[in-house]
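Each remark here refers to the structure printed beneath this line.
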Amino acid sequence: DEALSQTLNRASRSVRARRAVESFPLTRKVVDRFVPGETTADAVAAARRLVDTGREVTIDVLGEDVLDLDGARGMRDAYLSLVAALAEAGCAAGSDVSLKLSAMGQALPGGTTIATDHAAEIAEAAQAHGCTVTLDMEDHTLVDSTLEIGAALRASYPFVGNVLQTNLRRTPGDIADLDGTGARIRLVKGAYREPESVALQRKAEVDHAYERAIDALMASDCYPMIATHDPTMLDRAVERAREAGRDTGETARWEAQMLFGVRPELEQRMVDAGHRMRVYLPFGTDWYGYFMRRLAERPANVAFFLRALAHR
Ligand code: FDA
């Protein structure tokens, strides 16, 4: 599993592998399990279905690492259209959009200002419709910049959230720094393969760090968004939230989050128990990097992929 996971992670950054996977005739059918459509209309329809079943959503326009300013502006515009479409469909209030700063121009010359300005325009539109914004976290080289941009945006838009990854050794310190800001913080295990100098390598260590981070976030004044498909972690979050008096239902001061299509039955269990449950809904044509990371984090998904191909 480990070797396969490493290969898939490498493939997620390879142009040749990308061409091969994208041109496979049945790939799209399998991708549908994780990415429910390519257009804004597909995303809004999927959001509506989830909202109608008691879930909330955070929507991601797929795309990362834009190469020029036009590309970054195109991504900003895609988010502005998304927020407008959610508002028109009557499901903007309470929804969230998740964006990658690399897609907003973070790596371009002068990228901090460009990405901050683009994200601020999206936050302004989101605010007008009762929608929130979360900045996805990418690889470790972008963590400082992403946390700084998050803090800068919160000065005007306090609902802008950041993501922390428990595979990174720095995360306990980042939680301590964020305590006192009241920020929305999504906690994840981390989807990027990182060097040992900055990241824990063994799954058991990352899981242990996740448990400690749940405890720290629940005891802080931040709004914890516990993003995992791991029932042990969710049980711990429920317990710690209860101890911290964070409540359940609409007034709850924490929420669980899962990726679309990974464990719908576990989502339902959380909804039935009265917890806030938000589903991360990615859409768009640029699904390759996202899809490959989902295969890499659970190589059993490759078998699912191959089975679908065999049954064509
Ligand atoms: P873990 O990997 O231990 O899996 C627990 C169980 O969940 C598995 O045994 C399996 O049953 C199931 N499972 C997990 N992944 C699966 C998959 N792909 N297919 C099928 N079953 C699967 N990462 C990041 O670096 N930056 C970010 O911004 C985000 N954002 C984000 C948002 C949300 C809402 C979620 C849920 C996750 C992210 N992630 C992320 C991804 C995260 O870092 C992590 O890679 C995955 O969530 C998998 O880790 P788990 O916590 O689910 O546990």
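The values are calculated or read from the model by the stated rules, or taken from the named source; none is laboratory data. Model, not experiment: these values are computed from the prediction. Methodologically, a virtual Cβ is constructed for each residue, glycine included, from the backbone with ideal geometry; neighbour enumeration extends over all protein chains shown.
The table below gives the values:
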{"read-out": "Verdict on Tyr280 being in contact (Cβ under 8 Å) with a residue 40 or more places away in the chain, of a type in the set (Phe, Trp, Tyr), within 10 Å of the ligand (Cβ to nearest atom) and assigned by TED's automatic domain parsing to the domain that holds Asp52", "value": "yes"}
{"read-out": "Tally, over segment 172-188, of residues that are under 14 Å from the mean Cα position of the chain (by Cα) and either more than 11 Å from the ligand (Cβ to nearest atom) or at positive phi (or both)", "value": "2"}
{"read-out": "Looking only at segment 248-267, and only at residues there that are in a helix (DSSP H, G or I) and in contact (Cβ under 8 Å) with a residue 12 or more places away in the chain, the one that is nearest to the ligand (Cβ to nearest atom)", "value": "Leu266"}
{"read-out": "Qualifying residue in segment 26-44 (condition: of a type in the set (Ser, Thr, Tyr) and within 30 Å of Arg253 (Cα to Cα))", "value": "yes"}
{"read-out": "Filtered residues of segment 92-147 (kept if in contact with a His (Cβ under 7 Å, 6 or more places away or on another chain) and more than 16 Å from the ligand (Cβ to nearest atom))", "value": "Ala92, Ala93, Gly105"}
{"read-out": "Of residues in segment 205-247 being assigned to a loop (DSSP other than H, G, I, E, B) and among the hydrophobic types (A, V, I, L, M, F, W, C), the one farthest from the ligand (Cβ to nearest atom)", "value": "Ala244"}
{"read-out": "Selected residue (only one of Arg202, Arg193, Arg154, Arg169 is surrounded by fewer than 20 Cβ atoms within 10 Å (Cβ to Cβ), without any contact (Cβ under 8 Å) to a residue 40 or more places away in the chain and either within 14 Å of the ligand (Cβ to nearest atom) or not assigned by TED's automatic domain parsing to the domain that holds Asp247 (or both))", "value": "Arg202"}
